[in-house]
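Colleague: Dumping the structure here so I can ask a few things about it.
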Amino acid sequence: MKINTCHLVLKTNKKVKQNPSKFRGYIGREFDKYPILHNHYGNNKFLYSYPLVQYQIIDGQPSILGIEEGADILVDISSKIKALKMGDSYYRVEDHYLYYKEYDVRATRKYHQYKFLSPWLALNTKNYQSFKNIKDWKEKKSFLNNIMVGNILSMSKGLGIIVNKRLHVSSLLDDEIAEYKNVQMNAFTGEFKVNFNIPDFFGFGKGVSQGFGTVIKVTDQEED
């Protein structure tokens, strides 16, 4: 299935030190007439199962990924973002860049390799204890590989993509601690391979809209 994306990259006068959650909060308040920018409306109801707008800060540079309707909104607001005000910090936006790309998001015969640009929050309250009870790291990695398959299938369902092949993931991961909503959580970085074409800067796991689990392709194989 063809998916349109727009990646808005902001050039600020200095590196942004805040996390993507603060970035998301500022943009959401500044452009509150666009519910898609904060992914919810009254009574804690959410608009989409997979966020169509994802906020990222990579090496101090803020950017926003827009998918389908989200991409259209980024085009509307991009030139209006003149500054970022987060807490006591002020960042002047000196320029902005819009990168448009259409991806064919689908299962493939060939495997593609991806790396995490930000920590992947793979575990939730349901599977955390199961993961902790596994003693062997190879079994833990298999457990995580299955979670990534589930993440990809969940993303596909949220975007209306039919996956008609069985997905297989292999990975080389490191574990670390990341803070999500003021809570210390197990997270993972590294690389993985899967027989699925994932667009650059898509996120997986918990906290996708706040920049967690962002991936980028590191091998560029021909499609089948």
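The values are calculated or read from the model by the stated rules, or taken from the named source; none is laboratory data. Bear in mind the structure is a predicted one, so any value in this text is a computation, not a measurement. In this analysis, Cβ positions are derived from the backbone assuming ideal geometry, glycine residues included, and neighbour counts consider all displayed protein chains. For the accessible areas, the whole protein counts, side chains as well, though only heavy atoms, and no ligand, DNA or RNA atoms are used. Shrake-Rupley method; radii C 1.70, N 1.55, O 1.52, S 1.80 Å.
Colleague: Return the total of residues in the stretch 104-154 being assigned to a strand (DSSP E or B) and open to solvent by less than 30 Å² (accessible area, probe 1.4 Å). Break it down into steps so the answer makes sense when it comes.
Modeller: Taking the stretch 104-154 and keeping what is assigned to a strand (DSSP E or B), we get 104, 107-116, 120-121.
Still in the list and also open to solvent by less than 30 Å² (accessible area, probe 1.4 Å): 107-108, 112, 114, 116, 120-121.
Counting residues in the stretch 104-154 that are assigned to a strand (DSSP E or B) and open to solvent by less than 30 Å² (accessible area, probe 1.4 Å) gives 7.
Colleague: Taking only pairs six or more apart or across chains, which ones have beta-carbon atoms under 8 Å, a first residue in the stretch 71-87 that is under 15 Å from Gln61 (Cα atoms), and a second residue that is polar (S, T, N, Q)?
Modeller: Leu84/Thr12; Met86/Gln18
Colleague: Looking at Gln184 and the list (1) more than 15 Å from the chain's Cα centre (by Cα); (2) in contact (Cβ under 8 Å) with a residue 24 or more places away in the chain; (3) under 24 Å from Gln56 (Cβ atoms); (4) outside any loop (DSSP other than H, G, I, E, B), which single condition is not satisfied?
Modeller: Result: Gln184 fails condition (2) only.
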